[in-house]
Structure formats: C-alpha cells, structure tokens
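The values are calculated or read from the model by the stated rules, or taken from the named source; none is laboratory data. What you see is a predicted model; the values in this text were computed from it and never measured. So basically every Cβ, Gly included, is an ideal-geometry build from the backbone, and we count neighbours across all protein chains shown.
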Amino acid sequence: MHNVKTSIRFLGTGDSMGVPRVYCSCGVCSEARTTGHNRRLRSSILLRRGSEELLVDCGPDWRGQMEARGQRMVGNVLITHAHFDHIGGLPELADLCRWTDVQPDLYAPQEVLAIIRRQFPWVEGRLRFVEVESGMEMLGWSVTPFRVNHGKNGYSYAYRFQQGDIAWVYCPDSIALGEAEKRHMQELQLLILGTSFYKEEAEFHTRSVYDMEEACELVAELAPEETWFTHMSHDIDLNNLPELPEGIRLAWSGLELFL
Ligand SMILES: Nc1ccn([C@@H]2O[C@H](COP(=O)(O)O)[C@@H](O)[C@H]2O)c(=O)n1
C-alpha cells in the first residue's frame, strides 16, 4: 500500500446556502440554474485509497451528491463541525444504514459529536460514534484535528493529514486564524481552504469565514505548494475568475486531486 495514492474528490464547493441561493437572481445564481458552472452544492470531500473511503462532512446535499456519482454507500465519515451545512445529510445516511444494515464510523471531536447527538439523537446506533481528540490513522494518513476560529459561529475543526513528509490540510470554515492554529498548517503540499466571498464588506464581528483577499494573505504566509479554495458563495463566478496569486485555484464539484 506504500505507493498507493489517495484520491481527494470534491463533492461540493458551496457555502452554507449553496449556489444558486434560493432567494437570489443575481448573474451567478442565474447561470447556476442554467449551464451550471457555478452550481455549488454544500462543501464536502470524498477520500479514497485502495478500497478504503472517508467522507469528510455530510451536508444536506449528501443524497444528491451520492446519486450524482451513482454511489450507493460511503465508507467512514469525518466531520469538521456540527453546523447544518456540514451535518444535514446524517439523518439520511442513518436511514441508509438502517436499510442496508451497515454501520460506518462517524469520527469527530467529542464536542462535535455531542451536538450531533443533541440535534439528531436517532443517528447514533446507525453510525458508530468515534471521538478523535488527538488524532488517528485513516487511509494510511495520520490525521490530526485542530480547533479553528469560526468567527461569529464559534469554532470549527480543520484536519491535518500527514504521511511521511507529505502533508495537507482541509479547513473549510475558518477566519482570522491565530499562531497556534497556523502551526498545524506549516509545510503543506496542499491546502484546501474555505473562502465565501471575494471581498466581504460585512462588519467583522458578523462574519465567520475568510474572504479571498484575506485568504490570499494567509496563503502567502503559510506558503503551501498548492492551494484550492472551496466553500464559495454566489459572489464567486467561475466564468469570470478573480485574479489570484500563482498556486491558488478555485475548486469545483467533481475535481479530483491525488496525493
Ligand atoms: N449554531 C449554529 C449556527 C449556524 N448554523 C448553520 O451553519 C451555517 C453557517 O454558515 P457559515 O457561513 O458560517 O459557514 C448556516 O447553515 C447555519 O444555518 C448551525 O447549524 N448551527
């Protein structure tokens, strides 16, 4: 298994409302309803290595994401935080488990599992809840969770995946990271970072996710080899890409990276 690559597939790259936003008729939302380049489901990635699979986040678009891939089951599941756009698909996954009699592991830090228990008490039992406080081995990677600032929405978790001297981080929801958080994001081959708007004008205390200008500053500081932005709102038009520094690109559903 040493040289087996891990596939990282984006199942969704949208912010909490997805694109199009139901209430909105802006150019990006209108395009998303037609040709669909900008159609973005709620953010999630699917990792695969050999026969093993790990879904990272299971939002309310999970069912459609599975159908779009013709996929009938997922392996285990890892959750970044217990906000609806990241866990809204869990009840449907639990129903699938009931009917197929499979019981995947659901990994998350204890405080995240506690909220999931409160929101969806019937899910435990169908999925096996496993606390990941200090880290664990998954798909041949050492996975380390670290708590990140999520602004007005509290805290989320990001995950660092390490295999020898190869490392990457998935951090879909964060803002204004401090030094302790950034220490987990050093020497990366790949950074997947959530950024909702290009330039967010809302007052800082009302915000929860980096905008692209701020995210570019963070990336300049961390200097990963490659960066992909995800968790993008209807402010971002994939048909009219913003100018970004070399090495930073915008992800789309179906994009597959290999590490
Ligand atoms: N306690 C909360 C607060 C918010 N939510 C949901 O999370 C999303 C927040 O979106 P971001 O822009 O900050 O990523 C949104 O869907 C809220 O409904 C929640 O579930 N629990």
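What to note about this one:
- The selection criterion, being under 19 Å from the mean Cα position of the chain (by Cα) and surrounded by 16 or more Cβ atoms within 10 Å (Cβ to Cβ), does not hold for Leu127.
- A search for C-beta distances below 7 Å between a residue of region 246-257 that is over 21 Å from Ala220 (Cβ atoms) and any residue that is in a loop (DSSP other than H, G, I, E, B), counting only pairs 6+ apart in sequence or on different chains, returns Trp252/Thr13; Trp252/Leu238; Ser253/Thr13; Ser253/Leu41.
- Within region 185-192, none of the residues are in contact with a strand residue (DSSP E or B) (Cβ under 7 Å, 6 or more places away or on another chain), polar (S, T, N, Q) and under 20 Å from Asp57 (Cβ atoms).
Conditions tested, residue by residue: (1) buried (at least 18 other Cβ atoms within 10 Å of the Cβ); (2) hydrophobic (A, V, I, L, M, F, W, C).
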residue	(1), (2)
Asn76	yes, no
Asp95	no, no
Trp99	no, yes
Lys152	no, no
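- All positions within region 1-38 that are at pLDDT 95 or above, more than 30 Å from Leu127 (Cα to Cα), part of a loop (DSSP other than H, G, I, E, B) and not hydroxyl-bearing (Ser, Thr, Tyr): Pro20, Arg21, Val22, Cys24, Cys26, Asn38
- Of all residues in region 1-22, those satisfying the criterion of being of a type outside the set (A, V, I, L, M) and within 14 Å of the ligand (Cβ to nearest atom) are Gly12, Thr13, Gly14, Asp15, Ser16, Gly18, Arg21.
Quick grid of which residues meet (1) modelled with pLDDT of 95 or more; (2) within 16 Å of the ligand (Cβ to nearest atom); (3) within 23 Å of Asp15 (Cα to Cα):
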{"site": "Met73", "(1), (2), (3)": "no, no, no"}
{"site": "Leu139", "(1), (2), (3)": "yes, no, no"}
{"site": "Val143", "(1), (2), (3)": "yes, no, no"}
{"site": "Asn149", "(1), (2), (3)": "yes, yes, yes"}
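- Cβ-Cβ contacts under 6 Å between residues 6 or more apart (or on different chains), taken from a first residue in region 151-171 that is within 16 Å of the ligand (Cβ to nearest atom) to a second residue that is charged (D, E, K, R), are listed as Gly151/Arg207; Tyr155/Arg147; Ser156/Asp173; Tyr157/Arg147.
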